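Below is one structure; the comments refer to it alone.
The values are calculated or read from the model by the stated rules, or taken from the named source; none is laboratory data. Being a predicted model, the structure only gives us computed values, none of them experimental. Ideal geometry is used to build each Cβ from the backbone, glycine not excepted, and the neighbour counts take in all protein chains shown. Only protein heavy atoms, including side chains, enter the accessible area calculation; ligands, DNA and RNA are left aside. Shrake-Rupley method; radii C 1.70, N 1.55, O 1.52, S 1.80 Å.
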Amino acid sequence: MSPISQTLISTRDLQVGFPIRKGPFQKDILKAVDGISIDIPRGAFFGVVGESGSGKTTLGRALLQAVPVTGGSATYDDGAQRFDLGTLSGAALKDYRRRAQLIFQDPYAALSPRMTVRDIIAEPLEVMGLTKTREETDARVREVAATCRLNLEHLRRFPHAFSGGQRQRISIARALVCGPRFVVADEAVAALDVSIQADILNLLKSLQRELGITFLFISHDLSVVAHTCDHVAVMYLGRIVESAPTRALFHAPRHPYTQALFSAIPSLDPDDRGRAQVLKGEIPSPTNQPSGCTFHPRCAFASDLCKRAAPEAEKDASGHMVSCHHWQDLMRTPAEASTAAPAQ
Amino acid sequence: MSLLSVENLTLQFNTDEGLITAVDDVSFTLERGEVMGLVGESGSGKSVTAKALMMLNASNAVYGGDSRITLHLDDGDVDVLALRRARDMRVVRGGAVSMIFQEPMASFAPALTIGSQMVEQLQVHTDLSKAQARELSVEMLNRVGISDASTRFNQYAFELSGGMRQRAMIAMALSTKPRLLIADEPTTALDVTIQAQVIQLMQELVKDFGMGIIFITHDLGVVAQTADKVSVMYLGRMVETGPVREVLRNPAHPYTQGLLDALPKLDDLDAPLKPVPGDIPSPLERPSGCVFHTRCDRALFDICTATVPDWSRAGRAHRVACHLNTGDYCA
C-alpha cells in the first residue's frame, strides 16, 4: 500500500479567506486559513491545537465544506469514494455530507429543546433519506444510541433532562447515525467538567478503534490532545507552525510557540510556580498580519531574519514538520530555550 | 483575626419544582492575604456560595436559619446576611468585597466606555473627585499591564481583546482597594497563554495589595498555581479542605482523587483517563447520606447511603468529610 492511498484527507496550500470592508471603497481579504498542507491518514485521531483566532475551527469547517475554500486543494478519499472538496456540489456534496460529520462544542446549544432525543438522532437519517420506514429508522437510532452508551429509555425524553456529558453523547450519536467515515470534533469536550471529559474522550477513542472513524480533533487544551491524538498540528494565525506524531511533539517541541504553549499549562505541583515562560502580548488580528514569520512579535528568539522572511516548512523522515528559522539553534540548548526569560 | 468567616451556610432556591438545595451546611474562614481555591464541577454550588458573600443571589434564595457570614473589617464586623437595604449592601458589593466574573465581555456595559464605568464605581464607593477617580483608574489600568492606558480608558469593551478585558476587569475590581476579592473562574474563558499572564498578574497583586482572595475554578492546575488552601465542593457540600500541597498530593476524599485521576497528565501519555463514574445527580434528587455515594466506587452500602459523614482529620489543617477516613472504617 502506498501512503497516498491510505490518506483520507489531503490538503495542499489550502486557503480560506473572508472578504471584509476596510473603508468605503477599500476591500480586503481576511485570511483565516493561509496555506495549509496536511495529510490525515485513514483511521487517525488527528489533533489541531492553537489559541482562539488561530483558524483551527475554520480549517475544520473548510474540510466539511461548511465554508468555501478560496485557494489550494483538498481531497477526500475513503477508498470507496473520492471527492475534490473545492468543487463539490449537488449530489456529490450530499454524498459527502453523509461521509463527513461535525460534533459541536456546546452540547447545551447544539440540541433543539423541542425535539425528543430519538427525533434529534433520527433527523439526519430523515433529511438524507437514508431509511425507508420508521421501523428501519428506529432500529438504526437504537443501534447508534447503544454505541454511544445511551439508555433506550432516554430516547423518549427531551434534552433538558440530561447533564452535559449525556448531551454530548447525544450529539455524538447524531453525528454517527448516518455512518460517517470522517468526523470533525470541534472543542467537543471544552464545555464539560473534567470528571465527564475523560468519559467522552474514552468514547471517541473507542469509536475510532471499533468503527475505524477518522477524527479531526480541534482543541485548545494540550493535555487533552496529548492523551487522545496520534498526530498533532499546532496552528498560529492560519498557518501550521509545527506538526508531528504526538509523542515526538510532546517530548521535544521544536517551535518556540509550541514550547510556550506547553509551559503555559498550569502545573499541578504547587511548588512548581512561576516556571511558565509567559508569552508576551496576544495573537494579532488576521487582518493585520506581521511581516516575515507571523509569530516574531511574540517570540523571545526572533532575529532580523524572522522579521524579513517567512520560514519554510522543514519536514524530517519521522513526519515532524516545523516552520521556524532557528529551531535547530533552539534545540541545541533545550535547557536555555525552555528557561530563558522572554526578551524585552 | 480572620477576614471572613462563613458558618453553616445553607442556601435553597424556591422554584416551581420545589425547594432546591444549592449549598448545604458550608463553613470556612479566610485570613487576610490568604488565597483560597474553591473547586468543584458545575452544579456544585461554588458560584452560589461566592454570590452569597455579596448578597447577589436571586430573590428566590432562602438562607438557612443558622447560616452566618461575617466580614471582619477594621472598622467593625459586618453581618452580611442581615443586610437588607441596597444602600447597606454597598460595603459587600464593591466596597470591601469585589468580584471578577468569568465572562469579561458580559461584565462590562457595552454602551459605556471602560473608563466611565471605572470612575462611576469609584464615585459610589470612595470620596474621590471625578478627576482623582480618573487618575486612579488610568493608574490601575497601567498597573495590570494594559499598554496605552489613557487611550484604553476611553474605549468600549468590544474594542478590547479577551485578555485585556479581563485585565481591565481586575483593575476595576481592585481600584476600590477591597479587603476581599472573589474571582469566579477568571481564566476559564481565556487561552492558556493569556491565562498564564493573568495568573502571574494575580500572584503579583496578592503580594502588593495583601487582600484575601476566593478563587473559584474547576481547574486543579490553576488552583495549584495560585492558592494557599483549597476547598472541594460537591453538590452543595464541602467534602475536603486543607493546604493546597496536602490536598493535591494526598487527596483524602474519593471525589478529589477522582478529579485528579480524570485529568490528562502530560508526564505520562499512556496513563488511561479515568472518568468519575456516572453523572452529577439532578438537584431535585439529592442522594441521601453522603451526597457522593452514587458515584463513589468505594461507597459502603449501609453507612454511606444513610449517614451524612462528619469532618475528620486527614493531616495538619487537612480535613475531609468521608466515612472511609474515620477510625472505624479506616483502610
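Does any residue of region B:298-315 turn out to be away from every other protein chain (no Cβ under 14 Å), open to solvent by 60 Å² or more (accessible area, probe 1.4 Å) and among the hydroxyl-bearing types (Ser, Thr, Tyr)?
yes
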Item to check | Residues of region B:235-286 classified as touching a residue at least 40 places away in the same chain (Cβ under 8 Å) and not in a helix (DSSP H, G or I), total | outcome: 16
Checklist entry - If only one of A:ILE240, A:ILE218 is open to solvent by 10 Å² or more (accessible area, probe 1.4 Å), more than 11 Å from chain B (Cβ to nearest Cβ), β-branched (Val, Ile, Thr) and part of a strand (DSSP E or B), which one is it? => result A:ILE240
Next on the checklist: Which of the helices (runs of 4 or more DSSP H) found entirely inside region A:101-177 contain at least 2 residues meeting this: farther than 24 Å from B:PRO277 by Cα and of a type outside the set (Ser, Thr, Tyr)?
Outcome noted: A:117-128, A:134-147
Checklist entry - Among the candidates A:ALA198, A:ALA191, A:ALA173, A:ALA185, which residue alone is among the hydrophobic types (A, V, I, L, M, F, W, C), within 14 Å of another protein chain (Cβ to nearest Cβ) and crowded, with 21+ Cβ neighbours inside 10 Å? => result A:ALA198
Item to check | Failed criterion for A:ARG247 (all others in (1) closer than 18 Å to A:ARG332 by Cβ; (2) within 14 Å of chain B (Cβ to nearest Cβ); (3) in a helix (DSSP H, G or I) hold) | outcome: (1)
Checklist entry - Of the residues in region A:120-129, how many are over 28 Å from A:SER219 (Cβ atoms) and either over 28 Å from the mean Cα position of the chain (by Cα) or open to solvent by 60 Å² or more (accessible area, probe 1.4 Å) (or both)? => result 4
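Each row is one residue, and each column tells you yes or no for (1) modelled with pLDDT of 85 or more; (2) under 25 Å from the mean Cα position of the chain (by Cα); (3) open to solvent by 70 Å² or more (accessible area, probe 1.4 Å).
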| residue | (1), (2), (3) |
| --- | --- |
| B:VAL276 | yes, yes, no |
| B:ASP279 | no, yes, no |
| B:LEU284 | no, yes, yes |
| B:ALA321 | yes, yes, no |
Item to check | region B:207-218 - residue that is more than 7 Å from chain A (Cβ to nearest Cβ) and in contact (Cβ under 8 Å) with a residue 60 or more places away in the chain and, of those, farthest from B:ILE100 (Cα to Cα) | outcome: B:GLY210
Next on the checklist: Exactly one condition in (1) in contact (Cβ under 8 Å) with a residue 40 or more places away in the chain; (2) out of contact with any Leu (no Cβ under 8 Å at 6 or more places or on another chain); (3) over 28 Å from B:ASP74 (Cα atoms) is false for B:MET169; which is it?
Outcome noted: (3)
Item to check | Sole residue being open to solvent by 30 Å² or more (accessible area, probe 1.4 Å), on the phi > 0 side of the Ramachandran plot and either basic (Lys, Arg) or not in a loop (DSSP other than H, G, I, E, B) (or both), chosen from A:GLY72, A:GLY79 | outcome: A:GLY72
Item to check | Search result, residues across region A:151-165 that are surrounded by fewer than 21 Cβ atoms within 10 Å (Cβ to Cβ), within 13 Å of chain B (Cβ to nearest Cβ) and not small (Gly, Ala, Ser) | outcome: A:ASN151, A:HIS154, A:ARG157, A:HIS160
Checklist entry - Does at least one position in region A:55-69 carry a residue that is over 24 Å from A:ASP230 (Cα atoms), touching a Gly at 6+ places or on another chain (Cβ under 8 Å) and open to solvent by less than 50 Å² (accessible area, probe 1.4 Å)? => result yes
Checklist entry - Which pairs do you get when a residue that is open to solvent by 40 Å² or more (accessible area, probe 1.4 Å), found in region A:88-109, comes within reach of a residue that is part of a helix (DSSP H, G or I), reach meaning Cβ atoms under 6 angstrom, with the pair 6+ apart or on two chains? => result A:ARG98/A:MET128
Item to check | Total residues in region A:275-303, condition under 30 Å from B:GLU246 (Cα atoms) and more than 7 Å from chain B (Cβ to nearest Cβ) | outcome: 2
Item to check | Residue list for region B:196-220, restricted to those being of a type in the set (S, T, N, Q) and either modelled with pLDDT under 85 or open to solvent by 10 Å² or more (accessible area, probe 1.4 Å) (or both) | outcome: B:GLN197, B:GLN200, B:GLN203
Checklist outcome for this item: Filter region B:162-206 for residues that are of a type in the set (Ser, Thr, Tyr) and touching an Asp or Glu at 6+ places or on another chain (Cβ under 8 Å); the one that is nearest to the other protein chains (Cβ to nearest Cβ) is B:THR193
Item to check | In region B:138-190, the residues that are under 18 Å from A:SER285 (Cα atoms), open to solvent by less than 30 Å² (accessible area, probe 1.4 Å) and not in a helix (DSSP H, G or I) | outcome: B:ILE146, B:LEU160, B:LEU190
Checklist entry - Which residues, counting only those in region B:12-33, are over 19 Å from B:GLY210 (Cα atoms) and not hydrophobic (A, V, I, L, M, F, W, C)? => result B:GLN12, B:ASN14, B:THR15, B:ASP16, B:GLU17, B:GLY18, B:THR21, B:ASP24, B:ASP25, B:SER27
Checklist entry - A:LYS205 passes all but one of (1) touching a residue at least 12 places away in the same chain (Cβ under 8 Å); (2) buried (at least 24 other Cβ atoms within 10 Å of the Cβ); which number fails? => result (2)
Checklist outcome for this item: Flagged in region B:226-245 as open to solvent by 20 Å² or more (accessible area, probe 1.4 Å) and within 12 Å of chain A (Cβ to nearest Cβ), in numbering order, are B:ASP228, B:LYS229, B:PRO243, B:ARG245
Checklist outcome for this item: Inside region B:246-274, the number of residues satisfying the requirement of being within 9 Å of chain A (Cβ to nearest Cβ), open to solvent by 70 Å² or more (accessible area, probe 1.4 Å) and closer than 27 Å to B:GLY236 by Cβ is 2
